[in-house]
1. What's the number of the only condition in (1) in contact (Cβ under 8 Å) with a residue 60 or more places away in the chain; (2) closer than 23 Å to B:Lys161 by Cα; (3) of a type in the set (Phe, Trp, Tyr) that B:Tyr101 fails to meet?
2. Take the residues in segment A:1-23 that are outside any strand (DSSP E or B) and of a type in the set (D, E, K, R); name whichever of them is modelled with the highest pLDDT.
3. Which pairs have Cβ atoms under 6 Å, sit 6 or more apart or on different chains, and link a residue in segment B:32-58 that is within 11 Å of chain A (Cβ to nearest Cβ) to one that is outside any strand (DSSP E or B)?
4. Please find, within segment A:66-78, the residue that is surrounded by the most Cβ atoms within 10 Å (Cβ to Cβ) out of those that are under 13 Å from A:Leu89 (Cβ atoms) and among the hydrophobic types (A, V, I, L, M, F, W, C).
5. How many residues are under 20 Å from A:Glu139 (Cβ atoms), crowded, with 18+ Cβ neighbours inside 10 Å and out of contact with any Lys or Arg (no Cβ under 8 Å at 6 or more places or on another chain) if we restrict to segment A:84-107?
6. Mind counting the residues in segment A:24-48 that are over 20 Å from A:Asp83 (Cβ atoms), hydrophobic (A, V, I, L, M, F, W, C), assigned to a strand (DSSP E or B) and free of Cβ contacts under 8 Å to residues at least 40 places away in the same chain?
7. Quick check on A:Leu42: is it more than 11 Å from chain B (Cβ to nearest Cβ) and of a type in the set (A, V, I, L, M)?
8. Output the residue which, of all residues in segment B:159-210 that are buried (at least 21 other Cβ atoms within 10 Å of the Cβ) and β-branched (Val, Ile, Thr), is farthest from the other protein chains (Cβ to nearest Cβ).
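The values are calculated or read from the model by the stated rules, or taken from the named source; none is laboratory data. Predicted, not measured: the structure shown is a model, and the values here were computed from it. Please note: Cβ atoms are built from the backbone with ideal geometry, for glycine as well, and neighbour counts cover all protein chains shown.
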Amino acid sequence: MGTVACAPDEICFTDNSTEVRIDFKKVVYAGTDSAFTENDTLVFAQISALDTDSIFMQDDTLTSVILPLNTGNNETTIVFDTDLERHTLELKYQRTQRLISADCGPEQIIDQLEALHSTFDSLVVLQPVLTEPPTTNVEVYR
Amino acid sequence: MAQVQVEDTARVRPPKPPKVKKELKEFIPTGVKFGVDLNSFSRNLWDENKKFQEYQVDIDFRHYLLNFEYGNSEVEELGSDFSYQNEGSYFRVGPEINFLYKPEKLHAVFAGFRYASTIFDDQLDYNTVDAYGNTSISSSNQDAKAQWAEMVTGTKINLWKGLFIGFTIRYKFLKSIRSGELEPYWIPGFGQNRQDDNDQFGFSYYLWWRFGFRKREKTTPIIGPQ
């Protein structure tokens, strides 16, 4: 008796992500009137999340890093330890929950990313929405 | 010289058809139909996680019909590590034109328009495991709202006395949603809220009973000078 509107085949694809990409940059001065930015390479002893047991990287040399944000919270503080110094980056974001489908299950959408506090010299939030594949969300300068 | 009589020929023009006057009283409603959507009720039989019911009332104004639809739904989706519940009600209102209108017949083949609105609650609970450990997440909307428009077409066939049966095909578009931290999975009256598809088709299969309270009047021709 009758038919209902047909649903398309379920595709468990999403371009939402819960990982933030951070690029390390430095400013190079070429003369008195010009300067440009280039990738900075840092040697990390450890990259971890504050007040958790989560350690993301150990003994690594990086120009950029992709790190998971805490999906149970609206803030994550990331700790960057080198042999000489420690830097922290406190990020705040908005989480929206969504059920993709009964077969694919739920996901989180993270957007409105902003930096609340940082011990780096400066930083720029380029992309406040976390996407898959990841694009640069934050550039930090030391 | 003989004169030739030329008969006058009068060209007789056929009479013009009488002008048909649509009196204002012909637009006064002659009856009202109350119906149920059988498609909604039949889905309740084979999908235990969803409950739907929908009712319709229409009033005729000569070859125009005014429709009111009301429904409510309960939807539940369960997975191995999540649960989603949605409960709400909706209404639709809009006019139709009956292309099959005849005063002595009550059948209709129609096209029309609807404005639709819904208010609903929903909740999503799930567990996630990531670099920070096991996390239980619960998110909900209270009194979330959505509205949309529909273009409709269908039939209403008089089977016997006041009994009617028919269907409506809907094209739903211009959807807008107001919700909180949970993006709704289901919108009562509209269907699944797909991120990549804002428009949807729908189908309803109705059974009505018509209560007539006035006989339909045939249009009154005017006979007079043309």
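1. Just one mismatch for B:Tyr101, condition (1).
2. We begin by selecting, within segment A:1-23, every residue outside any strand (DSSP E or B); these are A:1-15, A:17-18.
When the remaining residues are screened for being of a type in the set (D, E, K, R), the result is A:9-10, A:15.
Numbers: A:Asp9: 51, A:Glu10: 56, A:Asp15: 87.
Out of the qualifying residues, it is A:Asp15.
3. Within 6 Å, the pairs are B:Asn39/A:Gly2; B:Ser42/A:Met1; B:Phe52/B:Ser40; B:Phe52/B:Arg43.
4. A:Leu69
5. Looking only at that region, the number is 3.
6. 3
7. Numbers: more than 11 Å from chain B (Cβ to nearest Cβ): yes; of a type in the set (A, V, I, L, M): yes.
Yes, satisfied.
8. Per the criteria, the residue is B:Ile187.
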